[in-house]
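The values are calculated or read from the model by the stated rules, or taken from the named source; none is laboratory data. Please read these numbers as outputs of a predicted model, since none were measured by experiment. A quick note on method: Cβ atoms are made from the backbone with ideal geometry, for glycine too, and the neighbour counts reach across all protein chains shown.
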Protein chains: 2
Amino acid sequence: MDSSIPPAAVNRRTFVRASGAAAALAGAAGFTLGTPVAQAARPALKGKNKVILFQGDSITDAGWSREKGAQANTQAAMGNGYAWLAAAELLVDRPNDGLKIFNRGISGHKVFQLAERWQKDCLDIKPDVLSILIGVNDFWHTLSGGYKGTVATYEKDFHALIERTLRALPQVKLVICEPFVLKCGAVNDSWFPEFDRYRKAARGVATTYRTHWVPFQSMFDQALQYAPPAHWAGDGVHPSAAGASLMAHNWLKVVNGLA
Amino acid sequence: MDSSIPPAAVNRRTFVRASGAAAALAGAAGFTLGTPVAQAARPALKGKNKVILFQGDSITDAGWSREKGAQANTQAAMGNGYAWLAAAELLVDRPNDGLKIFNRGISGHKVFQLAERWQKDCLDIKPDVLSILIGVNDFWHTLSGGYKGTVATYEKDFHALIERTLRALPQVKLVICEPFVLKCGAVNDSWFPEFDRYRKAARGVATTYRTHWVPFQSMFDQALQYAPPAHWAGDGVHPSAAGASLMAHNWLKVVNGLA
């Protein structure tokens, strides 16, 4: 772990400051930092008029319209990926709850690039629920794009992004999604075991801040029993319709507190 | 209603014979035949080693492999539609429950054509859970295919199919899905109000036999707030990936008893 990352005790204090009620709940139930994250988190989507923001890279982006992105809820503004499928299911399930759902994933982005546009593309939107899926490019671009960052860079930047988010939006409910790949297309043995370290770093961020956690890699690993990798993601990175549907389902299961 | 359909009292006796425990439960809770169906039905998917069969027309078919259809659970055997998406979500959620999921939807079929192949394509498979989506061709082919059947034909054949199913498989849990269309592509004003009578007939079958009911039409009607009809089904009849994903989600919600 990068030495610049605050120790768990400091993060714990940050968390307590940010969300005292949640910490009390977690404490009462005997949760510790090692407890599975999804169990420690509470349902994120109770209540009316919530703003939900999806953040990430091309997997989240999926072609949302830059012209129409200021609108909430429409397909054009949400793209054609898991974020849109999850949004559509939520909106159809809860048409009278005043949900406003936005997508600000941008293709090719790494965590430091989220930070560069975080004020405009996250903090100004003031989400009640913020979902982040980031990490595959942080590794992939070291193989193919000349990017010099390491897993320590990723981890440090990701922790800093969450700290900054919690300072600006102390009540935000965070959903961190596990970066994933399938072994086909662009993904070969050269990705491993290094890519697994990025997954673990993301999980570490979720554990430190007791966020919701959507285990996409283990979901896809399970799904390989029922269809080959290319059926879920042709190039190993970008989900097919079936892959996106599975992601939406599991995202909702975690975020709705049904898991 | 066609005069050959048994009156409700007869169907009620058939139901009681077929599923005494369910009837007792329904009776104890004060349900009547007019009670919303989904509330009267119990969760269909508890337990291990259940066989689930999807039946219907092209919407269910979605290209399942006739060569590999004897296999359970694989994508090739399940096609690329809502049945496969629902199956994938179930299998990933419950990998250790020994579920076996089959698809026997056939493109172009009407309810009388299900009856023609029912022994081989349903009763011999001995499903624990049987999901049926049928009806759009029963109407559509009267517009474009020279088919002479009416809504009374559809209703009579559908009741007879369910009676036959319950005689052969008294313990089967039935899921009847609402036929639906979106007003785009092949679907124009000439479909209405006649098509609505087919939807009501399907609902009547579900009510009579107290099956699970998946309200796809009202789901899609709701979804039109968030994307235009063609985004859900380009030709008005066959769902897009987004439409199929929404169907799978709602099917699971009803069948898992979470609704």
Inset, instruction - Could you tell me which numbered condition residue B:197 fails, if it satisfies all but one of (1) crowded, with 20+ Cβ neighbours inside 10 Å; (2) under 17 Å from the mean Cα position of the chain (by Cα); (3) not small (Gly, Ala, Ser)? - result: (1)
Inset, instruction - Within the stretch B:202-217, identify whether any single residue is within 14 Å of another protein chain (Cβ to nearest Cβ), in a helix (DSSP H, G or I) and surrounded by 18 or more Cβ atoms within 10 Å (Cβ to Cβ), and answer yes or no. - result: yes
Inset, instruction - Could you please give the count of residues in the stretch B:244-259 that are within 11 Å of chain A (Cβ to nearest Cβ) and buried (at least 20 other Cβ atoms within 10 Å of the Cβ)? - result: 8
Inset, instruction - Could you give me the residue pairs with C-beta distances under 6 Å whose first residue belongs to the stretch A:123-147 and is more than 17 Å from residue A:105 (Cβ to Cβ), whose second residue is in a helix (DSSP H, G or I) wherever it lies, and which are 6+ apart or on separate chains? - result: A:139/A:195; A:139/A:198; A:147/A:141
Legend entry - Enumeration of residues in the stretch A:218-257 that are in contact (Cβ under 8 Å) with a residue 60 or more places away in the chain and either touching a strand residue (DSSP E or B) at 6+ places or on another chain (Cβ under 7 Å) or not in a helix (DSSP H, G or I) (or both): A:237, A:238, A:239, A:251, A:254, A:255, A:256, A:257
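Kindly provide the set of residues from the stretch A:105-126 that are outside any helix (DSSP H, G or I) and within 14 Å of the chain's Cα centre (by Cα), ordered by number.
Passing the criteria: A:105, A:106, A:109, A:110, A:122.
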Inset, instruction - Could you tell me whether any residue of the stretch A:163-177 is under 23 Å from residue B:250 (Cβ atoms), more than 10 Å from chain B (Cβ to nearest Cβ) and either crowded, with 21+ Cβ neighbours inside 10 Å or not hydrophobic (A, V, I, L, M, F, W, C) (or both)? - result: yes
Legend entry - Number of positions in the stretch B:220-243 that are farther than 24 Å from residue A:68 by Cβ and either within 11 Å of another protein chain (Cβ to nearest Cβ) or buried (at least 24 other Cβ atoms within 10 Å of the Cβ) (or both): 0
Legend entry - Among (1) within 17 Å of residue B:128 (Cα to Cα); (2) at pLDDT 95 or above; (3) more than 14 Å from chain A (Cβ to nearest Cβ) - the single one residue B:194 does not satisfy: (1)
Legend entry - Pair list, Cβ < 7 Å and 6+ apart or interchain, from the stretch A:70-89 residues that are within 7 Å of chain B (Cβ to nearest Cβ) and in contact (Cβ under 8 Å) with a residue 12 or more places away in the chain to residues that are surrounded by fewer than 24 Cβ atoms within 10 Å (Cβ to Cβ) and charged (D, E, K, R): A:73/A:100
Legend entry - Boolean, residue B:156 is out of contact with any His (no Cβ under 8 Å at 6 or more places or on another chain), surrounded by fewer than 20 Cβ atoms within 10 Å (Cβ to Cβ) and of a type in the set (Lys, Arg): no
Legend entry - Criterion violated by residue A:116 - all others in (1) surrounded by fewer than 18 Cβ atoms within 10 Å (Cβ to Cβ); (2) modelled with pLDDT of 95 or more; (3) within 11 Å of another protein chain (Cβ to nearest Cβ) satisfied: (3)
Legend entry - Conditions (1) at negative phi; (2) in a loop (DSSP other than H, G, I, E, B): number failed by residue A:195: (2)
Legend entry - Residues satisfying the stated conditions in the stretch A:145-182, i.e. closer than 22 Å to residue A:50 by Cα, out of contact with any Asp or Glu (no Cβ under 8 Å at 6 or more places or on another chain) and part of a loop (DSSP other than H, G, I, E, B): A:169, A:170
